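The values are calculated or read from the model by the stated rules, or taken from the named source; none is laboratory data. Please read all numbers here as calculations on a predicted model, not as lab measurements. Don't worry about glycine lacking a Cβ; one is built from the backbone with ideal geometry, like all the others, and counts go over all protein chains shown. Note: areas computed on protein heavy atoms with side chains; ligands, DNA, RNA excluded. Shrake-Rupley method; radii C 1.70, N 1.55, O 1.52, S 1.80 Å.
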Amino acid sequence: LLFAAAITNLTFIQVVQAQTYRQMPSNNHTIAKSGFVQRGAIITSDGQTLAESVQQEDGTYQRVYPNGSVAAHTVGYLSTRLGATGIESRMNDTLRGSANYANWRNALYSLAGTPIPGSSVVLTINYQMQRAAEAALDGYLGAVVVLDPSTGAVLAKASNPSYDIEDIASVIENGDDEASPLVDRATQLYTPGSTFKLVTLSAALDTNTATLDTIYDSPASLDIGGQVVSNDHDAEYGEIDLRTALALSANTAFGQLGVQLGPDNLVRYANGFGYDKSLGQDF
């Protein structure tokens, strides 16, 4: 019985859970082993290399960053001691060549575990837009996200303060920094805020609860559901139509609209926009 239990346990670990362990960002053994494999590059949509591997004299490959720490939170760091984050973690199998099925030979090598050069990963991020977003954030705490509205492609995603990818060890050692440079403020910190008005408005128009011309009284503050909802800077807008309420981001008007829609409709339409779902991206 003990022998059977040992065999069962080993089979579970080495077969059933093997892929899970290999993909763990904290699996330093896998990262160390991949040091002898030419890891693929991470490239922007307009051809700028954000990360690539350069061979050293001892035959290992070192990760270098030709454009410095541009898009650091998205690219992520890769360390034998600290693990991996960002695209380095999310696309690890592709970057280190273990999921390379470009041709039959690579597929066989991948299945056999034979080291092959990794594949590059091309991001939707535009280098020029990314640099502009990071420059705009200089001196501020905050985030900038630029999307292609027709496809949802992320053209830029910046968070400030950022960090030096090449000096990640010292950044983590100073982990008590109040500025929290390792936190991606674009995806990990801020709630939707007034952007949720677009979900509320879409639900209202689609369910015929209101039109863009429906009039709402928008005082400076209003009791909604036992909580005080206030407009920014306590602005009082008076009677305005829904189109104007969206332009002014009138909280009290949209609070009333939310009550009209009811919780079931709000949740249903929020889920339709992707809330409570995994986006399948490195967010």
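Per the Debye calculation on region 172-283 with a single equal scatterer at every Cα and no solvent contribution, log₁₀ I(q)/I(0) for q = 0.18, 0.21 Å⁻¹ amounts to -0.93, -1.12. Think of region 188-251 as having a plus end and a minus end, set by charges on the Cβ of Lys, Arg, Asp and Glu; of Ser221, Ala210, Gly238, Ala210 sits farthest toward the positive end of this dipole. With R₀ set to 45 Å, the beta-carbon distance separating Arg105 from Ala153 gives a calculated FRET efficiency near 0.90.
Could you give the accessible area per residue of region 187-283, probe 1.4 Å, as a whole number in Å²?
On a per-residue basis, 61 Å².
Estimated from helical segments only, the mean residue ellipticity of the chain at 222 nm is -9000 deg cm²/dmol, where each DSSP H run of four or more residues counts as -39500 (n - 2.57).
Dividing the convex hull volume of the alpha-carbon atoms in the chain by its residue count gives 229 Å³ per residue. Placing +1 on the Cβ of every Lys and Arg and -1 on the Cβ of every Asp and Glu, with no other charges, gives the chain a dipole of roughly 1480 debye about its Cα centre.
So if a site counts as exposed when it's one of the GluC sites (Glu not before Pro), its DSSP state isn't H, G, I, E or B, and it has at most 16 other Cβ atoms within 10 Å, what's the longest stretch of the chain without one?
Between the exposed loop sites, the longest stretch runs 58-177.
In a DSSP loop and with at most 12 other Cβ atoms within 10 Å, the chymotrypsin sites (Phe, Trp or Tyr not before Pro) in region 118-200 are Tyr140, Tyr190. Relative to the current alpha-carbon distance between Val54 and Ser170, full extension at 0.36 nm per residue lengthens the span by 39.5 nm. For region 202-283, the set of trypsin sites (Lys or Arg not before Pro) satisfying both a DSSP loop assignment and a count of at most 12 other C-beta atoms within 10 Å is given as Lys277.
Stokes-Einstein diffusion for region 165-234, with the hydrodynamic radius set to the Kirkwood value over Cα pairs and evaluated at 4 °C in a medium of 1.567 mPa s, equals 79 µm²/s. On the chain, 54 percent of the accessible area sits on carbon and sulfur atoms, based on a 1.4 Å probe.
In this structure the amide hydrogen of Ile224, modeled in the peptide plane, comes within under 5 Å of the amide hydrogens of Val229, none closer than 5 places in sequence on its chain.
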